[in-house]
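Asks: This structure is in structure tokens; I'll ask about it shortly.
The values are calculated or read from the model by the stated rules, or taken from the named source; none is laboratory data. Since this is a predicted model, take the numbers as computed values, not measurements. Cβ coordinates were reconstructed from backbone atoms using ideal geometry, including for glycine residues, and neighbour counts include every protein chain displayed.
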Amino acid sequence: MRVIVTSNNLVRLNFLQSLLADAGIGAVLLDAYASVTDGSIGAVPRRLAVAPAEEARARRVLREAGEA
């Protein structure tokens, strides 16, 4: 998996994941459970990752949506 975005903003991550899904790109949210165990203070940023073969396409989709 290749990390394309790192953020503590759950709304933004959900939006980006939806953009990728609409483009037919599967994305996985990493560190979701680790960040819950930190007491929800946002100390552990979550990472949005895609398959290596989809990385360039995923970055292009996000860039075209103004989310680079």
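Asks: With the condition kept exactly as written, say whether any residue in the range 26-39 is touching an Asp or Glu at 6+ places or on another chain (Cβ under 6 Å), modelled with pLDDT of 90 or more and hydrophobic (A, V, I, L, M, F, W, C).
Replies: Of the range 26-39, the ones touching an Asp or Glu at 6+ places or on another chain (Cβ under 6 Å) are none.
No: zero hits.
Asks: Can you list residue pairs whose Cβ atoms sit under 9 Å apart, with the first residue in the range 47-68 being within 19 Å of L10 (Cα to Cα) and in contact (Cβ under 8 Å) with a residue 40 or more places away in the chain and the second being hydroxyl-bearing (S, T, Y) and in a helix (DSSP H, G or I)? Count only pairs 6 or more apart in sequence or on different chains.
Replies: Going by the 9 Å Cβ cut-off, there are no qualifying pairs.
Asks: How many residues does the range 16-35 hold that are more than 14 Å from E64 (Cα to Cα) and of a type in the set (A, V, I, L, M, F, W, C)?
Replies: Residues in the range 16-35 being more than 14 Å from E64 (Cα to Cα) and of a type in the set (A, V, I, L, M, F, W, C): 8 in total.
Asks: Right, next: Take A53 and decide whether it is loosely packed, with under 12 Cβ neighbours inside 10 Å, modelled with pLDDT of 95 or more and within 14 Å of the chain's Cα centre (by Cα). Full working, then the answer.
Replies: Working: loosely packed, with under 12 Cβ neighbours inside 10 Å: yes; modelled with pLDDT of 95 or more: yes; within 14 Å of the chain's Cα centre (by Cα): no.
Here the answer is no, as A53 does not meet what is asked.
Asks: Among the numbered conditions (1) touching a helix residue (DSSP H, G or I) at 6+ places or on another chain (Cβ under 7 Å); (2) at pLDDT 95 or above, tell me where R46 comes up short.
Replies: R46 satisfies every listed condition except (2).
Asks: Another question, then. Collect the residues in the range 1-18 that are outside any strand (DSSP E or B) and buried (at least 17 other Cβ atoms within 10 Å of the Cβ), keeping them in residue-number order.
Replies: From the range 1-18, those outside any strand (DSSP E or B) are 1, 8-18; that's our starting set.
Once the filter is applied, which keeps residues that are outside any strand (DSSP E or B) and buried (at least 17 other Cβ atoms within 10 Å of the Cβ), the range 1-18 yields L13, L16, Q17.
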